[in-house]
1. State whether segment 42-84 is rounded, prolate or oblate according to the following rule on the C-alpha gyration tensor (a ≥ b ≥ c being the square roots of its eigenvalues): a/c under 1.5 gives rounded; otherwise a/b larger than b/c gives prolate, and the remaining case gives oblate.
2. Highest first, please rank the peptides 50-57, 227-234 by the mean number of other Cβ atoms sitting within 10 Å of their residues.
3. Convex hull over the Cα atoms of the chain, averaged projected area in nm²?
4. Tell me which lysines have Cα within less than 20 Å of residue 11's Cα, excluding those fewer than 8 residues away on the same chain?
5. In degrees, nearest 10, range 0 to 90: what is the angle between the Cα axis of helix 72-83 and the longest Cα principal axis of the chain?
6. Using Cα pairs closer than 8 Å and at least 6 residues apart in sequence, work out the relative contact order for the chain, in percent.
7. Straight-line reach from residue 118: which aspartates and glutamates have Cα under 12 Å away, leaving out those fewer than 8 places along the same chain?
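Quick note: the coordinates plus some simple rules give every number you see, no bench work behind them. Quick caveat: nothing in here was measured; it's all calculated off a predicted structure. Because the Cβ atoms are built from the backbone with ideal geometry, glycine has one as well, and the counts that use them run over all protein chains shown.
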Amino acid sequence: MTLQSFDLTGKVALVTGANTGLGQGIALALAEAGADIAAVGRSAPGQTQARVEALGRRFAFVEAALDTIAPVADIVAQVVARLGRFDILVNNAGTIRRNDALDFTEDDWDAVIGVNLKTLFFLSQAAGRHWVAQGQGGKIVNIASMLSFQGGIRVASYTASKSGVLGLTRLLANEWAARGINVNAIAPGYFATSNTEALRQDADRNRAILERIPAGRWGVPADLAGAAVFLSSAASDYVHGAVLPVDGGWLAR
Ligand SMILES: NC(=O)c1ccc[n+]([C@@H]2O[C@H](COP(=O)([O-])OP(=O)(O)OC[C@H]3O[C@@H](n4cnc5c(N)ncnc54)[C@H](OP(=O)(O)O)[C@@H]3O)[C@@H](O)[C@H]2O)c1
């Protein structure tokens, strides 16, 4: 009975940035748990489509550049038109700019805040409006960061955006919990994706990061599978506004 509450059979999950990295890992995990997948992003879905379909799930790609909210109003409608329903939103797409605070530009600021925070909010709003109009509940899983809790270095707009994601997760949970909409977040630690390539190529930073991770290794996308399925499923129906670190112990240090 308990295990059945993790089952996502018959659900449709919209995952932004599912073509690669953590978004791909999350999409595959939700598909393994039974969900059909709508991948939303600006790049072709790559291997994600074939791997989701190999699991026996349906897959739709909705092309949308998420650095502005222009496409947002239409995304949920497209997902429903293609896959028949919409139950889970994973706000994963994100970007990062690295520069000293003294040299940080307006473009470094706007590019990151736009996709990581503004689009995340307005896509969540579109999801909430859909679920309220349908009289159904829903699940939102935001991808936060260690920099939702810590300051970081040389990533001013990223830290601002991910700290903002933590606040918005709590705000939306407060407003929507009574409507049967769960809004929670996963805070990944240090994962080997293109987002962290610069860090891993810097031998000093790479060593310093590894020394601080109690688990002793970088995360891989599959490490998020359990948390993603939990927060997308009925197993988390009474979990609202929570942030689940999946960080190899980084925050405990
Ligand atoms: N890797 C880590 O250690 C780590 C840690 C904590 C949090 N995160 C977060 O996890 C999420 C996924 O990152 P990742 O590590 O998997 O990095 P990634 O491999 O660089 O993937 C980022 C994804 O976001 C998409 N994206 C970025 N800007 C976009 C835009 N303007 N419009 C549409 N899609 C856009 C990318 O699409 P394209 O392929 O088209 O660029 C890609 O699908 C991000 O929110 C990131 O901040 C990562």
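1. Values: a/c = 4.50, a/b = 1.55, b/c = 2.91.
Because a/c hits 1.5 or more and a/b fails to exceed b/c, segment 42-84 counts as oblate.
2. Working: 50-57: 15.8, 227-234: 22.4.
Descending mean neighbour count gives 227-234, 50-57.
3. Numbers: hull surface 53.3 nm².
Over all viewing directions, the chain projects a mean Cα-hull area of 13.3 nm².
4. 139
5. 50
6. Working: 516 pairs, mean separation 52.2, N = 253.
Taking the mean separation of contacting Cα pairs over the length of the chain, I get 21 percent.
7. List returned: 67, 110.
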